[in-house]
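Below is one structure, written out as structure tokens; comments come after it.
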Amino acid sequence: MCIQSYVKPELDKDEAVHSIMQHRSGLVMKLFDHNRKKLKSIELVYLPFWCYGYRLVSNTLKDGIKGKVAIEPITNQSAILPVEYPTYPIETVLNTFEVTKEKDPSAAHQVIYWEAFYKEKKREKIDVEINSAWILYMPYWIGYLQSDEIDILAVDAVTGKVDLSIKDALLQHIAHASAI
């Protein structure tokens, strides 16, 4: 059994609705959304990310640093987190999606390596050690929009930003959950 934890949402439902409405009222949306999709419902879900602990040593970080990197396995979207970033054990029922892909420590290694590569002047010494892996559930508000067709918009429940890049992962998880 894999260790599982989650990140607590910072946004409540009303704030998420406000983020969606702000996004929908932008000039680009007014020009290109001729169907004028309406927000029909919204729910808080937790999307599974593989989270990896790492240690990075490089020319400028001789003593090394420790951190976490979370990778959404369907889209490979990643987030580098400080080692002390607060995560919590799952002690209550959360609206989570099932983990559908196996962990891939090499993906975490690449994310950290290339992040260091872009920041280092002398690139000959970049050592990345991946030392643990667990499931980290990240909170998202999913807004269901409808006109002639149904669509979704995701709001990151920590930052409050509409996250268009995570839509494919959410749609695949929704489809997978519907097929079960």
Taking segment 89-145, which residues are within 19 Å of the chain's Cα centre (by Cα) and among the β-branched types (Val, Ile, Thr)?
Ile90, Thr96, Val99, Thr100, Val111, Ile112, Ile135, Ile142
Please verify whether Tyr88 is out of contact with any Leu (no Cβ under 9 Å at 6 or more places or on another chain), touching a residue at least 24 places away in the same chain (Cβ under 8 Å), among the aromatic types (Phe, Trp, Tyr) and under 16 Å from Ala133 (Cα atoms), treating the condition exactly as stated.
yes
Is it true that Lys101 is touching a strand residue (DSSP E or B) at 6+ places or on another chain (Cβ under 7 Å), closer than 29 Å to Ala16 by Cβ, open to solvent by 80 Å² or more (accessible area, probe 1.4 Å) and of a type in the set (Lys, Arg)?
no
Single residue of segment 135-149 satisfying the filter (open to solvent by 40 Å² or more (accessible area, probe 1.4 Å) and part of a strand (DSSP E or B)) that is farthest from Glu15 (Cα to Cα)
Gln146
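The values are calculated or read from the model by the stated rules, or taken from the named source; none is laboratory data. Everything numeric here is computed off the predicted structure, so don't read it as measured data. Glycine also receives a Cβ, built like all others from the backbone with ideal geometry; neighbour counts cover every protein chain displayed. What goes into the accessible areas is simple: the full protein's heavy atoms, side chains included, and nothing from ligands, DNA or RNA. Shrake-Rupley method; radii C 1.70, N 1.55, O 1.52, S 1.80 Å.
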